[in-house]
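See below for the structure under consideration.
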Amino acid sequence: MPDSLPLVFGAPRRSKPPRHFADLDDSGRAAAVAGLGLPAFRAKQLANQYYGRFTADPRQMTDLPAAVRDQVSEALFPDLLTAVREIETDAGETRKLLWRAVDGTSFESVLMRYADRNTVCISSQAGCGMACPFCATGQGGLQRNLSTAEILEQVRAAAVELRDRDGDGIAPAARGGRLSNIVFMGMGEPLANYNRVIAAVRRIIAPPPDGFGISARSVTVSTVGLAPAIRKLADERLNVTLALSLHAPDDELRDTLVPVNNRWKVSEALDAARHYADVTGRRVSIEYALIRDVNDQPWRAELLGKRLHGALGPLAHVNVIPLNPTPGSEWDASPKPTEREFVRRVRECGVSCTVRDTRGREIAAACGQLAAEG
Ligand code: SAH
């Protein structure tokens, strides 16, 4: 049967993405370069190009002998991601990219420029298996895990974009920007793709030539609360910022809002977060999508404040996210007075609490809106 048949008749085949330079750690790079019959120093040269200069096309690597560029390109730098759609808002300050992988899988990332930082929100999986009913990504299920290189390519693309962009409307002084922050808050549950995500994080925070050299505290890994994986992450001592998507302080409601709560209860997620804070000394960010008449009651604000104060003390910070609309959902954000009262009550318990902005809402690029619809 011809190879192309499944592509003609069915959904695109989901296959393992081809091996890419960014999948490899230091020793993997050395082995790959040796495998191509190249001298060992080429490994460092390639890493410098990729992580230091954001170049993923050997044909542009002028320090590489012209005769080997094609070979290196074919063996180590396949085109993993194609940007198939770009959409922007906030006068170009917020930009969503739809990516297509080699096997046809699609996912999104969002670049956000602020006065004091540039943040890229990246995906760790195509789709998500966590099935939170208020999140657009959760409705489509999981397609597959992204490879380490597919994760890092989103980062590299953002860094290139910030460095090179001279597009309309961007003042010259604002060009030549640097990528400062990375949040694993795009599609997917990062801790459900643990090994690949950790490998990506290592290379994000390692100084060049081994990585992009972004400060660990500026990298946020956000999770629904896979307690054992949170503990494991703490023990990796990477010292990235942890965000825990809590959304309810009580098991009864959280069982429905975050289905994985049926496996790891609020107390287990908070104990793991406490372990994270203890080991890293870092404040844990508690995400709370505020949903009108669902989780926004004053008594829940108080219960949230009390539980967090007990579990994390000064190391808790609550991020209230006004619910972003998603297709087919009847839920809404809470009215502003309800939101203010919620924040006030949490703070009254001695827990810091702020409201997150809703960047990208108009282009379905805000929290929970990524669905990768072409
Ligand atoms: N799976 C991880 C990473 C996704 S981060 C996690 O859940 O933490 C995306 C964040 O946006 C999570 O905190 C998620 O709960 C939140 N979110 C999902 N849907 C949302 C919506 N409709 N409005 C506001 N926030 C939402």
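Bear in mind these aren't lab numbers, they're just calculated from the coordinates by the rules spelled out. Note that the structure is a prediction, hence the values are computed from the model and not measured. Here the Cβ is made from the backbone with ideal geometry for all residues, glycine too, and neighbour counts use every protein chain on show.
What to note about this one:
- Other residues whose C-beta falls under 13 angstrom from the C-beta of Thr326 contribute a net charge of -2, scoring Lys and Arg +1 and Asp and Glu -1.
- The fewest-to-most ranking of Val279, Val33 by surrounding Cβ atoms within 10 Å reads Val279, Val33.
- Under the Karplus curve 6.51 cos²θ - 1.76 cosθ + 1.60, θ = phi - 60°, whole-Hz ³J(HN,Hα) for segment 17-23, x wherever Gly or Pro sits: x, x, 5, 10, 3, 6, 6
- Rg over Rh for segment 206-307 works out to 1.04, using Cα positions for both radii and the Kirkwood form for Rh.
- Gain upon complete extension [Ser215, Arg163; 0.36 nm per residue less C-alpha separation]: 16.9 nm
- Top of Arg59, Arg274, Arg196 by mean-square fluctuation, Gaussian network on the chain, Cα under 10 Å: Arg59
- Database remark: amide H of Val219 closer than 5 angstrom to the amide H of Ile182, Thr241 (H placed geometrically; neighbours at sequence offset of 5 or more, or on other chains; Pro and chain starts carry no H).
- Extended-chain gain in nm, criterion 0.36 nm per residue less alpha-carbon gap, Ile363 and Asp332: 9.4 nm
- Assigned charges on the beta-carbon of Lys, Arg, Asp, Glu; segment 21-77 dipole about Cα centre (debye): 180
- Among Pro65, Pro325, Pro259, residue whose mean-square fluctuation peaks in a GNM of the chain (springs only between Cα atoms under 10 Å): Pro65
- DSSP H segments from the chain that extend 15 Å or more along their own axis, Cα-based, with Kyte-Doolittle mean of 0.0 or above: 66-76, 148-164, 194-205
- Close amide H contacts of Arg144 (hydrogens built in the peptide plane, cut-off under 5 Å, sequence separation of 5 or more or a different chain): Ala126.
- Ranked Phe41, Phe54, Phe77, criterion: other C-beta atoms within 10 Å, fewest first: Phe41, Phe54, Phe77
- Taking Cβ atoms as reference points and 13 Å as the exclusive limit, the residues near Glu86 contribute a net charge of +2, counting Lys and Arg as +1 and Asp and Glu as -1.
- In the chain, the calculated helix contribution to ellipticity at 222 nm averages -10000 deg cm²/dmol per residue, counting -39,500 (n - 2.57) for every DSSP H run with n ≥ 4.
- For Leu290, residues with placed amide H under 5 Å, excluding near neighbours: Ile321, Leu323
- Candidates Thr119, Thr137, Thr354, ranked by Gaussian network fluctuation over the chain, Cα under 10 Å, top entry: Thr354
- Over segment 21-77: Kirkwood hydrodynamic radius from C-alpha pairwise inverse distances, Å: 11.0
- Debye, to nearest 20: dipole size of the chain, +1 on Lys, Arg Cβ, -1 on Asp, Glu Cβ: 800
- By the Cβ-Cβ criterion of under 4.7 Å, the unpaired cysteines of the chain are Cys121, Cys128, Cys349, Cys353, Cys367.
- The chain - share of DSSP beta bridges that are antiparallel (%, nearest 5): 50
- Ranking of Met61, Met187 by count of other Cβ atoms within 10 Å, fewest first: Met61, Met187
- Equivalent ellipsoid, segment 81-363 (semi-axes from 5 times Cα gyration tensor eigenvalues, Å): 29, 21, 19
- Computed E for Arg85/Ser352 - FRET, C-beta separation, R0 30 angstrom, nearest 0.05: 0.20
- Per-residue Karplus couplings for segment 314-324, computed as 6.51 cos²θ - 1.76 cosθ + 1.60 with θ equal to phi - 60°, are listed in order as x, 8, 9, 9, 9, 9, 7, 10, x, 3, 8 Hz, Gly and Pro entered as x.
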